[in-house]
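Beneath this line is the structure, given in structure tokens, with notes to follow.
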Amino acid sequence: MSYLSVLKKNSENKLEASSRAWFVVYTKPRQEKVAVENLVRQGFEAYCPSVAITKRRKSQLVSIIEPYFPRYIFLNFDLESDNWAPLRSTRGVASLVRFGGEPQQVPDSLIAALRGNENSDNLQVLTPKTWTRGDSIEIEQGPFAGYRCLFESERGADRVAVLLNVVGKPTRTTLLKQDLQLPQFL
């Protein structure tokens, strides 16, 4: 039984329930915003959850807004009645994500959870990870990216003390908190 016939059967069982659903679209690199704008212009409902992240740029910390899922956006349409053929040639869109040749559907509850986790600026609310003394943590950005360290203590609002094994013995150093963590979904 094909995916479309399953969708049709499910919609028939739901007493004429709408067969509109959310699907995943793979975008071209750093083209999420372009893809959303062009899809909306074509009459589709598109959603790209975003997040504000602090990153190091030329030795300075800057706050930037990035897609929460780089290169992926969500698109709401009806597989049976909407003409989704133009997706292939939409600027910013690489392809519709498919498994077994069928478009990959996303549960409505995921989209509702993402939208429910947004602040007044439509950005995802992130909670910093907390550690206890002795926790092993991977450094995710900065000059020591890829190294593992042991958490010692917090040193103010944005710095932490860690034990870093670089030359064969643990050395205490201070790092930026965001270098140790990726933002966590609330």
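Does A46 qualify as being touching a Leu at 6+ places or on another chain (Cβ under 6 Å), modelled with pLDDT of 95 or more and either of a type outside the set (V, I, T) or part of a strand (DSSP E or B) (or both)? The answer is yes for A46.
If the condition is being more than 27 Å from F74 (Cβ to Cβ) and at pLDDT below 90, then the stretch 115-133 contributes T130, W131, T132. Across the stretch 134-159, the number of residues qualifying as at pLDDT below 90 and among the aromatic types (F, W, Y) comes to 2.
Among the candidates R172, R91, the residue that is part of a loop (DSSP other than H, G, I, E, B), of a type in the set (K, R) and more than 21 Å from S63 (Cβ to Cβ) is uniquely R91. Is one or more of the residues making up the stretch 141-163 under 30 Å from T27 (Cα atoms), among the aliphatic types (A, V, I, L, M), in a loop (DSSP other than H, G, I, E, B) and out of contact with any Leu (no Cβ under 6 Å at 6 or more places or on another chain)? Yes, the stretch 141-163 contains a residue that is under 30 Å from T27 (Cα atoms), among the aliphatic types (A, V, I, L, M), in a loop (DSSP other than H, G, I, E, B) and out of contact with any Leu (no Cβ under 6 Å at 6 or more places or on another chain).
Here W131 passes the criteria (1) surrounded by fewer than 16 Cβ atoms within 10 Å (Cβ to Cβ); (2) in contact with a Phe, Trp or Tyr (Cβ under 7 Å, 6 or more places away or on another chain); (3) within 29 Å of E118 (Cα to Cα) except the one numbered (1).
Which is of a type in the set (S, T, N, Q), part of a helix (DSSP H, G or I) and exposed (fewer than 12 other Cβ atoms within 10 Å of the Cβ), of S63, S109, S81? Selected residue: S109, the only one of S63, S109, S81 that is of a type in the set (S, T, N, Q), part of a helix (DSSP H, G or I) and exposed (fewer than 12 other Cβ atoms within 10 Å of the Cβ).
Going by what's in this entry, would L114 be described as within 30 Å of F23 (Cβ to Cβ) and in a helix (DSSP H, G or I)? Here the answer is yes, as L114 does meet what is asked. Among residues of the stretch 33-55 that are free of Cβ contacts under 8 Å to residues at least 12 places away in the same chain, those with a beta-carbon under 8 Å from a residue that is crowded, with 19+ Cβ neighbours inside 10 Å and part of a strand (DSSP E or B) at least six positions away or on a different chain give the pairs V40/A46.
Could you say which residue among V6, V40, V36, V25 is part of a strand (DSSP E or B) and either at pLDDT below 95 or hydrophobic (A, V, I, L, M, F, W, C) (or both)?
Testing whether each residue is part of a strand (DSSP E or B) and either at pLDDT below 95 or hydrophobic (A, V, I, L, M, F, W, C) (or both) leaves just V25.
Check the stretch 87-100 and report whether any residue there is outside the structural domain of L176 (by TED's automatic domain parsing), within 30 Å of L175 (Cβ to Cβ) and in contact with an Asp or Glu (Cβ under 9 Å, 6 or more places away or on another chain). Looking for residues that are outside the structural domain of L176 (by TED's automatic domain parsing), within 30 Å of L175 (Cβ to Cβ) and in contact with an Asp or Glu (Cβ under 9 Å, 6 or more places away or on another chain), one finds none in the stretch 87-100, hence no. Within the stretch 101-138, the set of residues being free of Cβ contacts under 8 Å to residues at least 40 places away in the same chain and over 26 Å from I64 (Cβ atoms) comprises G101, S109, A112, T132, R133, G134, D135, S136. Applying a threshold of 6 Å to beta carbon distances and a minimum spacing of six or more residues, or different chains, the list of pairs starting in the stretch 73-100 at a residue that is free of Cβ contacts under 8 Å to residues at least 60 places away in the same chain and ending at one that is buried (at least 17 other Cβ atoms within 10 Å of the Cβ) and of a type in the set (D, E, K, R) reads I73/E32. All conditions but one from (1) modelled with pLDDT of 85 or more; (2) under 23 Å from Q60 (Cα atoms) apply to D179; the one that does not is (1).
The values are calculated or read from the model by the stated rules, or taken from the named source; none is laboratory data. Please read these numbers as outputs of a predicted model, since none were measured by experiment. We place every Cβ from the backbone using ideal geometry, glycine too, and count neighbours over all the protein chains shown.
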